[in-house]
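Everything below concerns the one structure shown next.
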Amino acid sequence: MAGSFKTEAVVLRSIRYGEADRVLHLYSADRGRIGAMAKGVRRTRSRMGGRLEPLSRVRLVLRQGRGDLSTVSGVDTVSAHPGRRASLERASQACESVLRLLDSGEPNAAAYHLLCNQLALLDADPEAATRAQSLAFRLKLLLASGFAPELGSCATCGEADHFAGFSPSAGGVVCASCEAGSFPLGAEAHGFLVSALGQPLSDAPQASDVALGQADRAIGETLEHHAHVRLRRVA
Ligand SMILES: [Zn+2]
């Protein structure tokens, strides 16, 4: 059909609209962010409605609209949203990060696969839904979207040792000579960030609350400075 296209996407958010419709924020594999209208899905007999819950991964047929919104004309489930409560909160957090950070129609396959991996992982193993694991996801999302912090050498002068802190404006760890504007990032937090970036999402490292707090701040303030996005801290 003219004006129709197929894509695979994760439902990031679903907002009630009018009597029976929903407006969906989707993150797609090959078209980045898509806004779509799902008509009639809040009627009890709608079969489409149940498949379009937030956090679901779906295959869609969409009809290009005249405005910003496409219209959903077909939907198949790839995987449903995580059912268990612990996983659900972490999964929502992951979708929220993607919602804030990736808002363009530019496709980003790495970010899409990262999000799908995270949702599958949380669904399969609610025990994996730790604060450390959520931070590892967020850090990898920074990498996928081009905002990964510099962790191997001073972000200002390139000095390879003696890090004194983390500077959000410089975008990474800084040495003692360049520490203006930085905050303390201990060896444990630094180690956590390095291994979280280097290891698969399913092997996210653990760390103490203090170290995770510092890592969270480093990730959050890097985003605020360089992507102008403010995310809720990972509790
Ligand atoms: Zn330096």
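Some points to look at:
- Positive dipole terminus of the chain, leading residue within Gly105, Asn117, Phe5 (C-beta point charges): Phe5
- Reference-scaled alpha-carbon Rg (2.2 N^0.38 Å with N residues) for the range 89-149: 1.06
- For the range 25-123, the C-alpha radius of gyration divided by 2.2 N^0.38 Å, with N the number of residues, is 1.07.
- FRET efficiency, Cys157 to Asp30 (Cβ-Cβ, R0 35 Å, nearest 0.05): 0.30
- Between Glu224 and Val23, the distance separating the two model label sites (each 7 Å from Cα on the Cα→Cβ line) works out to 2.8 nm.
- In nm, spacing of pseudo-spin labels at Ile15 and Leu143 (7 Å Cα→C-beta vector): 3.3
- Compared with the direct C-alpha span, the chain from Arg43 to Ser202 gains 53.4 nm at full extension, assuming 0.36 nm per residue.
- Cα centroid separation, the range 42-72 to the range 84-117: 18 Å.
- Length gained when the stretch Ser195-Arg59 is fully extended (0.36 nm per residue, less Cα-Cα span): 45.6 nm
- Dividing the summed -39500 (n - 2.57) terms of all DSSP H runs of n ≥ 4 by the residue count of the chain sets its mean residue ellipticity at 222 nm at -11000 deg cm²/dmol.
- The ratio of the alpha-carbon radius of gyration of the range 1-64 to the globular-protein estimate 2.2 N^0.38 Å is 1.05.
- Straightening the chain between Ser79 and Ser177 buys 30.2 nm, computed as 0.36 nm per residue apart minus the Cα-Cα spacing.
- Karplus-derived HN-Hα couplings along the range 30-45 (A = 6.51, B = -1.76, C = 1.60, θ = phi - 60°), whole Hz, x at Gly and Pro: 10, 9, x, 6, 10, x, 9, 9, 10, 8, x, 6, 8, 6, 4, 8
- For the range 142-204, the Kirkwood estimate of the hydrodynamic radius, built from every pair of different alpha carbons, is 11.9 Å.
- Surface share of carbon and sulfur [accessible, 1.4 angstrom probe, percent] for the range 179-229: 53
- Each label point was placed 7 Å from the Cα along the Cα-to-Cβ direction; for Asp68 and Ser4 their separation is 2.6 nm.
- Radius of gyration, Dmax [the chain; alpha carbons; angstrom]: 19.6, 66
- The HN-Hα couplings worked out from phi for the range 99-109 by the Karplus form 6.51 cos²θ - 1.76 cosθ + 1.60 (θ = phi - 60°) are 4, 7, 8, 10, 10, 9, x, 6, x, 9, 4 Hz, whole numbers, x standing for Gly and Pro.
The values are calculated or read from the model by the stated rules, or taken from the named source; none is laboratory data. These numbers come from a predicted model, not from an experiment. No Cβ is skipped: glycine too gets one built from the backbone with ideal geometry, and neighbour counts run over all protein chains shown. Surface accessibility is based on the protein's heavy atoms, side chains included, excluding ligands, DNA and RNA. Shrake-Rupley method; radii C 1.70, N 1.55, O 1.52, S 1.80 Å.
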